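First comes the structure, then the notes that go with it.
The values are calculated or read from the model by the stated rules, or taken from the named source; none is laboratory data. Because the structure is predicted, anything quoted here is derived from the model rather than measured. Neighbour counts are summed over all protein chains in view; Cβ atoms, including those assigned to glycine, are modelled from backbone coordinates with ideal geometry. Quick note on the areas: whole protein, heavy atoms, side chains included, nothing else; ligands and nucleic acids left out. Shrake-Rupley method; radii C 1.70, N 1.55, O 1.52, S 1.80 Å.
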Amino acid sequence: MVSSKYEIRKTSSDDKTTILHTDDGAPYIICESNNAFANPTTPSDMTPEDIKQQLNLNLGQNVISRKNRTLLWTIKFLDDLLFRWWESLFFQAWKRIPLSVRRALTFGSWKVYLKLHKIFLGRKTGLHPSLSLEYHALSTLMWFGRLFPISPRRIEFSLSQLNVCTPNVVEAHYVEEIEQVISIDNLPLVQKSHNTVRGIYLHQHDVPTEYTIFWVYGGAYLGGDALGNSSAADWIGRQCGMDVFIPEIRLAPEADLDDVIWDVCLSYKWLISNRSVKPLNILLLGISSGAALCLRLMQLIAEQERGEDMLPNYISNLVDAMGMPKAAALFGPYIDYTEPKKRILPALP
């Protein structure tokens, strides 16, 4: 929780930096500036090397080295012996437990763990002691995850449980589960069995809202699903007063990148053609790899409008006459951050 105590620092004529503090003293920074960000909580007399010496780069604990090959081999052996043979059964059983019970178990366990961490480890396991107790506790928990093989199935299961960990539950006026075939001219052979749109549509009212959020979840193309993202998407939708559509997207390794791009474009086209939502009333929201897919969707629309070649080349019929969305919010986009080669939209006059 952020306290009401704050200080304001100015570092130039056009910016204002507000430094808030959580109840346990960790700084929370709000920066309103057009300049490059510099951490205002850093003492002015410290060099970058001084700061680096204060950091705990072995995040999570400060005893065991993750470079210990004997330890890693031992853990892999124990993982195969003790966990892998029954984890699929556990995944299936856990998903069958009512969401309210899973949430109660998860939040109750976290509260107990947080209290124990505060007593025995405090703020010694994170990057720096000034950060919050919750951050240090999570760093400790996540560190041990590095020692276990992270398989695609474990990633898929973990990201499907996001709605168990989020503080809010779905409170939309009504939730619509979508599974609808969409008619596509000259359906490419490689996608002949993939013209069905699936997902979750969160409605705020009986009538559609003026704008609709097209939510594309992340997960490094290996995990994520509409149900797991529904709680977070619902909260954003209610804060913005907008309906939210979360399409289901195929995942690797069963699907390749062309398949994933096809699913996103197909779902966007369905929203326009089957639900009569105009492109200028759609706001894209993408997370991580989902943000990259939002960007690729806009690139394809721009390439189609300019008459340029596309990859995959069979997607042109699907993208035809789609129209650019109103806006896009990209959270941690999984993209190439080097110098852009060309613009999506024409330069402003």
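Here is a list: G237, G286. Which entry is at negative phi, touching a helix residue (DSSP H, G or I) at 6+ places or on another chain (Cβ under 6 Å) and at pLDDT 95 or above?
G286
Check whether at least one residue in segment 176-192 is modelled with pLDDT of 95 or more, under 24 Å from the mean Cα position of the chain (by Cα) and outside any strand (DSSP E or B), and report yes or no.
no
Considering each of A172, A226, A137 in turn, give the residue that is open to solvent by less than 80 Å² (accessible area, probe 1.4 Å) and farther than 21 Å from L99 by Cβ.
A137
If I75 satisfies all but one of (1) more than 30 Å from A252 (Cα to Cα); (2) open to solvent by less than 60 Å² (accessible area, probe 1.4 Å), what's the number of the condition it fails?
Looking at each condition in turn, I75 falls short on (1).
With the structure loaded, tell me whether L121 is in contact with a Ser or Thr (Cβ under 8 Å, 6 or more places away or on another chain) and either modelled with pLDDT under 90 or over 24 Å from G219 (Cβ atoms) (or both) or whether it fails that test.
yes
Look at K111 and say whether it is exposed (fewer than 14 other Cβ atoms within 10 Å of the Cβ), among the basic types (K, R) and under 22 Å from L266 (Cα atoms).
Judged against the criteria, K111 is not a match.
Tell me, which residue of segment 196-222 that is among the aliphatic types (A, V, I, L, M) and open to solvent by 30 Å² or more (accessible area, probe 1.4 Å) is farthest from the chain's Cα centre (by Cα)?
Ranking the candidates gives V207 first.
Would you confirm whether or not segment 163-177 contains a residue that is touching a residue at least 12 places away in the same chain (Cβ under 8 Å), closer than 22 Å to L89 by Cα and of a type in the set (A, V, I, L, M, F, W, C)?
Yes, the conditions are met somewhere in segment 163-177.
Could you list, in sequence order, the residues of segment 241-265 that are modelled with pLDDT of 95 or more, assigned to a loop (DSSP other than H, G, I, E, B) and within 14 Å of A292 (Cβ to Cβ)?
Within segment 241-265, I249 is the sole residue that qualifies.
Mind listing whichever residues of segment 266-293 are open to solvent by 30 Å² or more (accessible area, probe 1.4 Å), outside any loop (DSSP other than H, G, I, E, B) and among the hydroxyl-bearing types (S, T, Y)?
Matches in segment 266-293: S273 only.
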